[in-house]
1. If we keep just the residues of the stretch 50-85 that are within 14 Å of the chain's Cα centre (by Cα), without any contact (Cβ under 8 Å) to a residue 40 or more places away in the chain and not in a strand (DSSP E or B), which is surrounded by the fewest Cβ atoms within 10 Å (Cβ to Cβ)?
2. Just for the stretch 86-95: of the residues that are at pLDDT 80 or above and among the hydroxyl-bearing types (Ser, Thr, Tyr), which one is surrounded by the fewest Cβ atoms within 10 Å (Cβ to Cβ)?
3. If you take the residues in the stretch 169-210 that are within 23 Å of the chain's Cα centre (by Cα) and loosely packed, with under 13 Cβ neighbours inside 10 Å, which one is modelled with the highest pLDDT?
4. Checking residue 34 against (1) at pLDDT 65 or above; (2) in a helix (DSSP H, G or I), only one condition comes out false. Which one?
Amino acid sequence: MTMIKSLLSLLLSLSFIVSHATEKEILATVVFEKVTAYNNIEGEFFVTETNQRIKVSGTQSFKITLPEKGKYQFGFTSNELAAYTYYPSKITKQKNTITVRLLEKSEQNAGSINLIPAVVAHHTTDEEIDQLFEKGDLNFIIHGIDNSIPKEYVKFKDKYGVGFVKENREVNPLSYKRATENNQIISDYLNKIYGKNWLNELPAKPFGIK
């Protein structure tokens, strides 16, 4: 009888643990945004923290399961296309959409500007920002109706090492917050390197820059 009670107790405990873990899980949705006429989309979506890697064929949205709410790093790689992945700084049951923007790789190098930036946030380490700066992958986020980058922005990057990416989409509270955080962190980084003189040569002030 004691053995049976022990087994029942163990089963109940395991059931509670599994149920509790399931309650914490977040079901997130991955959607694609195409800025290209290329149709044969092949690639791999990945989640750094969980080491999830998902083979993707086409641009149909799909869902992934995350262990709990929190901060994650997502990415998408493709041999044919360049990809820019953006998402809420913290994934929750309410904020759980990851967007992958796909562009022609030739567009990425237009005007010597990288149009597929790694967005920096408060969880980005100083070492990671240094690495992005050294590779020329540190970019202010600006908004517009197309992906073209004016020549004065190119000159700014040539001198200060920070470029610009233009988001041709409607500004909403999430994208505004994301752009503002990215731009403020890069601004602080440039202040440490150059002082504040670079501000006088900024062609236009992105969100978050005073």
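1. It comes out as 73.
2. 92
3. Ranking the candidates gives 188 first.
4. It fails just one condition, (2).
The values are calculated or read from the model by the stated rules, or taken from the named source; none is laboratory data. Bear in mind the structure is a predicted one, so any value in this text is a computation, not a measurement. Heads up, the Cβs are rebuilt from the backbone with ideal geometry, glycines too, and the neighbour counts pull from every protein chain shown.
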